[in-house]
Every structure is written in C-alpha cells, then in structure tokens.
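Encoded as structure tokens, the structure appears first; notes follow it.
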Amino acid sequence: MIYYSTSRLMFILRVMAMRASLFITCYNDTLFPETGRAVVALLERLGVELDFNSRQTCCGQMHANTGFRAESFSQAKRFIRQYQDVEVVVIPSSSCVAMIRDQYPGLVHELGNASLRSELDALLPRVYELSEFLTDRLRVEDVGAYFPHRVTYHASCHGLRSLQLGDRPARLLAKVRGLDLVPLANLDRCCGFGGTFSVKNGEVSSAMLAAKLQDIVVTGAEFCTALDNSCLMHLGGALHRQFVGMRTIHMAEILASTEAVPAEAIA
Amino acid sequence: MSQPAYHPVLDPAVAPPFPDAALPVLRNPQLRKNVAHAIDVIQTKRGRLVEEKADWQALRTAAAAIRTQALENLGAYLEEFEARCTAAGGVVHWAADAEGARRIILELLREENASEVIKIKTMTAAEIQLNPHLEAAGVKVFETDLAEIILQLGGDEPSHIVVPALHVNRSQVREIFARRMGIENLSDDPQALTAAARSYLRQKFLSVPTAIGGANFLIAETGSVAVVESEGNGRMCLTLPRTLITLAGIEKVLPRYQDLEVMLQVLARSATGERMNPYTSLWTGVTPGDGPQRFHIVLLDNGRSQILARQTERQTLRCIRCAACMNACPVYRQTGGHAYGSIYPGPIGAILTPQLMQMHHAQSLPYASSLCGACYEVCPVKINIPEVLIELRSQVTDQERKQLRRIFDPMYLGLRVANLLFSRAWLFHAAQRLGRMALGWFTGKDGWIHSLPGAGEKWTQTRDLRGMPKQTFHAWWAARRNAGGKEAR
C-alpha cells in the first residue's frame, strides 16, 4: 500500500494536469542543449507535462541591450504571440526572464498596439524562471536530486536584482542529497559578461572576470553553478583556459541529476 | 615616481573612447589597488549605515519623490528661489551654457578686481572647465578641498565626484606635498599631511577675499543655499571672504526647507557612509556684518533643460551627486574614474556626460556597463541607470545605422542578420548548422575554441569557448518525439 502524506498529496494535485511550455532561449538551444534536456528530465520527473514550440527563437535581449529597439520589439511581439495561449512559460535563463519583465512593457507600450499590450499584460504573470517555477508555482524545494559534489552558486545579476530570486536557489540546492554548498564571497558582484560588453569592452570585462575568478577559486568547489548559462559561459571559458579544474554547470542539470541518471548521463 | 604615467583627459569632446582610456589603468597595479581599497572602505561604511536604517527603502522613495516634484515644476521653483534669494540680498544670474557661465563669473571677478580666488570643491565648475579659463584670464585659483589640493598640486585630475583623489594613496600625497610645498622630511602620517595642508590653506583663507563654490541644494521656499562637506574648508570659503560666487546647476533646487530632512539623511549615508556629514552650511542671501557681503549665484543650464524634456532620461536630473553608483559599480572598481573621460565618471557619468555634451562621447560611455543593476539598487533617488543606458544606446544606434560606413560594420551587420534569423525558425536552424560548420574550423580536439578571429578575438584573448554541440535542443526534442515519447533520450 502506498502512503502519501497530505503535503505530498497536495503537491501531486498541484502538478497534476499542469502543462508548462518551455522557452529554451536561443543560446541554450544552440550552445547548451544539455540544460534544456535537464529541464525536461527534471520537470517530467515532477509530473509536469511539457510543451515545446519549435518555432521559438530569441527573446530579443541582445538587440535591446545593444540599442536595436525596433528589432527587439519584433522579437518581443513574436514571443508574446507564440506564448499567448499557454498555461505557463518556463525559462531556464534569468536574464531572458528579466528582459521579458523589465523591457517588454516599455517596448510594447512604445511600439505596440492596444491588443499586444493586453496580451502582454495577460502573459507576464505566467512567465517563470526555472527556480521560481519550482518554488513558487509547484511549491517544491526537494526535487529528489542527488549530486555528490562540492558546489558554489554564482548569483547572476538579473536573477539577483531584477527577478529578486533571493534564497530560492539556495533552498533548492540545500535539498539536493550529497551536495556540499560552499558560499561565494562578493555574491552581488557582476562577473563581467554583460552580453556584447564582454567584446566591446573586452579588457575591462576580463578584469572583472579575474576578480570574480579569485572568489570562485578559493571556494575549492568542483562545480560553479548558476541559473544563467551566459554567465557560466563566461566563467567556464576562463576556468577552462586557466586549467583551474573546476567546471560550470547550470542548476537545472544539478536538480535533474539522480542516482539512477546522474548529470553526466544527461549531458 | 608617483606622477601618473599618463595624463588623464577629462574633456568628453576630445577624450579617447572608454575601452582605450581604460587600458593604462588596467595595467596600473598601484592605481587599481588604491581605487579598490578606497571603495571598499566607503562601501563597508555605507552598507552598515543603510542596514541600521529600517526605513531605508521608504527614505529612497521619499527622496525620489521630492526630486521628481522639484523637476516637474522646475521653472516655478527656480523663479521662487530667485525671488527669495534676491529679496535676501543675493544676486541671481542665469547661464544658458558653459561659456555663458564662465563669462558671468569672469565679469564678476573683474568688478571685484580679483586676481586670486579660493575655491570650494564643485563638480559644476569642473564641468564648465572654469579653472583653466580663469587661469588663462590671469586669475589664480586656489583649491581648498584637501583632495582638490592634492590634484591641483600634483597636476592630476579628479577620478571620483565625492572623493576626487581616491586613486592617490598616502605616500603619493606625501611626495606631492613635499615637492610642491617645499617641506623637507614630511612624513606620510595623516596628521602630518593634514597639518601641512592646513598651514598652506590658512594663508589663503585669510588673504584672498573672493571665493567660488558650488551648491548641494537650493531651497525654493526660502531662497537658501546648502553646501555639505567633511573638512570645514568649504565653510571657511563660505564665511571669510568678502565676496562669494556660487555656481549651481538648475536641477539642484528643492521645493521646501523641510525636504532637507530626507535629502541630508540619504546623501550622507550614500556618499561617505556617515549618519550626518560633518559640516552643513546653509545661508540665505547676505547677512549684514556676518559672512560675505556680496553674494552672487550663477544658475547653469548647460543642457539640463534638454534632458528634462525627455521622458526616460529626465530621471538623470534627480541625481544628488552622492557617488553611491560608482562605489557600487564593478566596472568603475576596475577602471577608476579617469577612463570615463569626463568630470562625471561611473554609471551616473556614463548617462550624464553624453546628455550634457550633446551626445559627444556617447559612442562608448553608454556601453561602459554590463547592465548589472548595482547602481540602480544603491541610488538614493532611484535613478534607473540601466534603463537610461539602454535608451542612450538606442539613440546612438538610431544615429549610427544611417551612416553608410556602418553597413559593413561587423556589429551592425551581425545584429541585422541575427534579427532576420530570429524572425524565422527555419532560418535560425539553418544558421545554427552553418555556424556549427564555421566554428568547427576553430574548434580544437578537446572540443573547445581557443582562438577566434576578428571581434571574437576580444573573447578568446582571456577565455575559451566551448565548441558547438552536435545536436541542438530543438533537434533533440523532435527526435525524441518522433521516437515515441519520453523514453527516448
């Protein structure tokens, strides 16, 4: 006989018939498909029914932050139209969620019409960053993950300041069995990526990166994790260049990892 | 040896672009150590004092509301200020631009027959490059703020708006003082350095009858002017001379005297990490028999009313020059202030300078930020600096994309192509395949890219890039669905 506690039962009821649509983001699709696979493994394990619209491309962040307003608006419009009918959108990238929440309203207000504005208003409350979706919508912290490694968490600026993720990532990581979480000093300091900033101001960006690496290396962790592969691409690129012997890994991959299917099997 | 190896250019019209100007600083260990150390000290103090204030966020909201109210009725408040100040014996002058302000000040100095002036630290005077113009007109300028003395005697430029000599350390100060004041055996003990500055300054305070200063706030309700400072040298300039000339940007006005209650709290905590700054001087026109008997105030526009006319950028004028944004900025932390090529460095400088300078220097300053948002988080008047940075970037882009030579600029070309790709999924997917082939050329046996040509070199100069995986996510998803569901992996 199977015994379910009340809270477990409530959780199952919440998740049952929950359909989520995955917005994987352009760079995860292209450069970090393993993060997408991990999100699928994790959410399906929790009982969420997933949808993926293969016509999706980009949220428009790169264009918006480089000053290409008209182009970023056309991508915003595309996003809103593609997701207007879904129950919830889950996005494993804090900066893309920040783009949608912080910049779409201004873009749509300036360049869009009334119907697009009301579609956006209706859509925004249904857009979730991955850790928000877990802790706020599914209300789960223990996702049943197993990851027996020493890990440090890097707070991406957009997750920290725009999404105000607070202790959500730490709460999720705390429940991962086997995981030894090492705090990172100067958590609120940018790693220096900043999109085209890393190229337009390559040297200053590298100086910021060097300062961040100092803090990361002294943790002695095996893995540096975050909720945004753009920061991790920056940090991971330097860790690899310098033979530090530490790897970067998106938090979705840690949370997807179990005894039966460890992160390496998903990657 | 403590002379900087380069001379910083703080004129936005001629300064090199930010990435170039940053290079000599990035290679200067002494400068970077000085900047990081000074910032850490201020940041730690600020953090403690903000934390002890349970109503800090409410104070920020109140301060932003006061500044917004002042700006929304700026014309009326300025006229109210002018009327009250004039009634109290002050003389109000209006300057449309830097040249106008300099002309007014020079005329006033001629009326005074002044060949020397003592000066309180004022960024607005630096904005209009007052000192070189006064010197050229034969007026000797003596800075009285300790940091400004260090810079003036050392032939250096300010790198911060609150702590202008933040990039200079104690032993460098000792060297400058010993050399320029002719003091042998000067130690680098702070007390000895202060004593040297004091004896240098005392003669000036007592002998020069004309002072030039700035203002932190102008009070419309009473016609009063407020100057806040740490050293008391400002107060000497405000009380001892016969004539005082104050230069202030038109945005400095506050509606009511009572508004100081909020503004002084957020300013001191944000600027120097103090509950209250040591010296707050407030005066209204002229008081017979007490302090300067002639008081002139020059109200400077210099591009401010144009900023006021623009909806997103207007918030820039709320700034109270506390410098919390630069202290919090991870970019400023690495580069210090000189790289910004302007008297206003850091995040606020990156938005203020191009706007004050008719978008001069705008090609690089709005991009000198990773948009991390630390500046917005600490700003006591809630200026959304990242939002203004992005707005300025789009103005630059709108302007540049019309230029013929930009058609083949890799960034413009790349972003236009990217936009096309993002508008059709099949094009995007085709580009991914092409990209994988192209990147394959540069991908090593270990699956990583160690060197890229062109703009990519800026990435690979310090970081590797993982090669592109064989299968995109959407291809994996399609294969899995075709294979009949969740099991296929």
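Within region B:449-468, restricting attention to residues that are in contact with an Asp or Glu (Cβ under 9 Å, 6 or more places away or on another chain) and surrounded by fewer than 17 Cβ atoms within 10 Å (Cβ to Cβ), which residue is farthest from the other protein chains (Cβ to nearest Cβ)?
Among them, the one singled out is B:Ser451.
Are any residues in region B:364-397 in a loop (DSSP other than H, G, I, E, B) and more than 10 Å from every other protein chain (Cβ to nearest Cβ), and if so, which ones?
Matches in region B:364-397: B:Cys379, B:Pro380, B:Val381, B:Lys382, B:Ile383.
Output yes when any residue across region B:313-324 is more than 24 Å from B:Arg46 (Cα to Cα) and not assigned by TED's automatic domain parsing to the domain that holds B:Asp97, and no when none is.
Checking region B:313-324: at least one residue is more than 24 Å from B:Arg46 (Cα to Cα) and not assigned by TED's automatic domain parsing to the domain that holds B:Asp97.
For the subset of region A:72-88 comprising residues that are under 27 Å from B:Asp398 (Cβ atoms) and of a type in the set (S, T, N, Q), which member is surrounded by the fewest Cβ atoms within 10 Å (Cβ to Cβ)?
So the residue we want is A:Ser74.
Count, please, the residues in region A:37-56 that happen to be facing another protein chain (nearest Cβ under 7 Å) and either buried (at least 24 other Cβ atoms within 10 Å of the Cβ) or among the basic types (Lys, Arg) (or both).
Total satisfying the criteria: 2.
Could you grab me the full set of residues in region B:147-194 that are touching a Leu at 6+ places or on another chain (Cβ under 7 Å) and touching a residue at least 40 places away in the same chain (Cβ under 8 Å)?
Residues satisfying the conditions are B:Glu157, B:Pro158, B:Ser159, B:His160, B:Pro164, B:His167, B:Ile176.
For residues that are within 14 Å of chain A (Cβ to nearest Cβ), under 11 Å from the mean Cα position of the chain (by Cα) and in a helix (DSSP H, G or I), tally how many sit in region B:333-363.
6
So which residues in region A:14-53 are under 14 Å from A:Ala256 (Cβ atoms) and among the acidic types (Asp, Glu), if there are any at all?
A:Glu34, A:Glu44
Between a residue in region A:80-102 that is under 19 Å from A:Arg19 (Cα atoms) and assigned by TED's automatic domain parsing to the domain that holds A:Ile254 and any residue that is assigned to a helix (DSSP H, G or I) and not aliphatic (A, V, I, L, M), which pairs come within a Cβ distance under 9 Å, given they are 6 or more apart or on different chains?
Taking only residues 6 or more apart or on different chains, not a single pair turns up.
To keep it simple, each residue is scored yes or no on (1) surrounded by 17 or more Cβ atoms within 10 Å (Cβ to Cβ); (2) in contact with an Asp or Glu (Cβ under 7 Å, 6 or more places away or on another chain).
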{"site": "B:Gly155", "(1), (2)": "no, no"}
{"site": "B:Thr194", "(1), (2)": "no, no"}
{"site": "B:Tyr200", "(1), (2)": "yes, no"}
{"site": "B:Lys204", "(1), (2)": "yes, no"}
{"site": "B:Val208", "(1), (2)": "yes, yes"}
{"site": "B:Gly223", "(1), (2)": "yes, no"}
{"site": "B:Gly232", "(1), (2)": "no, no"}
{"site": "B:Leu244", "(1), (2)": "yes, no"}
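Only one of B:Leu264, B:Leu218, B:Leu260, B:Leu206 is assigned to a strand (DSSP E or B) and touching a residue at least 12 places away in the same chain (Cβ under 8 Å). Can you tell me which?
On inspection, the qualifying residue turns out to be B:Leu218.
Could you list, in sequence order, all residues of region A:207-221 that are closer than 14 Å to B:Thr335 by Cβ and polar (S, T, N, Q)?
none
Name the pairs whose Cβ atoms lie under 6 Å apart, with the first residue in region A:244-260 and among the acidic types (Asp, Glu), the second surrounded by fewer than 22 Cβ atoms within 10 Å (Cβ to Cβ) and modelled with pLDDT of 95 or more, and 6 or more positions between them or separate chains?
Short answer, once both residue conditions are applied: A:Glu259/A:Tyr146.
Does any residue of region B:138-146 turn out to be touching a Leu at 6+ places or on another chain (Cβ under 7 Å) and over 28 Å from B:His37 (Cβ atoms)?
Yes: one or more hits.
For region A:225-237, enumerate the residues that are closer than 19 Å to A:Arg37 by Cα, in contact with a Leu (Cβ under 9 Å, 6 or more places away or on another chain) and either within 11 Å of chain B (Cβ to nearest Cβ) or not polar (S, T, N, Q) (or both).
Across region A:225-237, the qualifying residues are A:Ala226, A:Leu227, A:Asn229, A:Met233.
Residue-by-condition table, conditions (1) part of a helix (DSSP H, G or I); (2) surrounded by fewer than 16 Cβ atoms within 10 Å (Cβ to Cβ); (3) at pLDDT below 95:
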| site | (1), (2), (3) |
| --- | --- |
| B:Val25 | yes, no, yes |
| B:Asp40 | yes, yes, no |
| B:Lys45 | yes, yes, no |
| B:Arg60 | yes, no, no |
| B:Gly75 | yes, yes, no |
| B:Leu78 | yes, no, no |
| B:Ala83 | yes, yes, no |
| B:His93 | no, no, no |
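Out of all the residues in region A:69-77, is one or more touching a residue at least 12 places away in the same chain (Cβ under 8 Å), closer than 30 Å to A:Ile12 by Cα, facing chain B (nearest Cβ under 8 Å) and in contact with a Gly (Cβ under 6 Å, 6 or more places away or on another chain)?
Looking for residues that are touching a residue at least 12 places away in the same chain (Cβ under 8 Å), closer than 30 Å to A:Ile12 by Cα, facing chain B (nearest Cβ under 8 Å) and in contact with a Gly (Cβ under 6 Å, 6 or more places away or on another chain), one finds none in region A:69-77, hence no.
Would you list the strands (runs of 3 or more DSSP E) that sit entirely within region A:137-255 and hold 2 or more residues that are of a type in the set (Ser, Thr, Tyr) and buried (at least 17 other Cβ atoms within 10 Å of the Cβ)?
The qualifying strands (runs of 3 or more DSSP E) are A:150-153.
Would a scan of region B:419-434 turn up a residue that is of a type in the set (D, E, K, R), more than 9 Å from every other protein chain (Cβ to nearest Cβ) and not in a loop (DSSP other than H, G, I, E, B)?
Within region B:419-434, one or more residues are of a type in the set (D, E, K, R), more than 9 Å from every other protein chain (Cβ to nearest Cβ) and not in a loop (DSSP other than H, G, I, E, B).
For region A:103-129, which residues satisfy the criterion of being within 14 Å of chain B (Cβ to nearest Cβ) and buried (at least 21 other Cβ atoms within 10 Å of the Cβ)?
A:Gln103, A:Tyr104, A:Leu107
The values are calculated or read from the model by the stated rules, or taken from the named source; none is laboratory data. All values reported here derive from a predicted model rather than from experimental measurement. Heads up, the Cβs are rebuilt from the backbone with ideal geometry, glycines too, and the neighbour counts pull from every protein chain shown.
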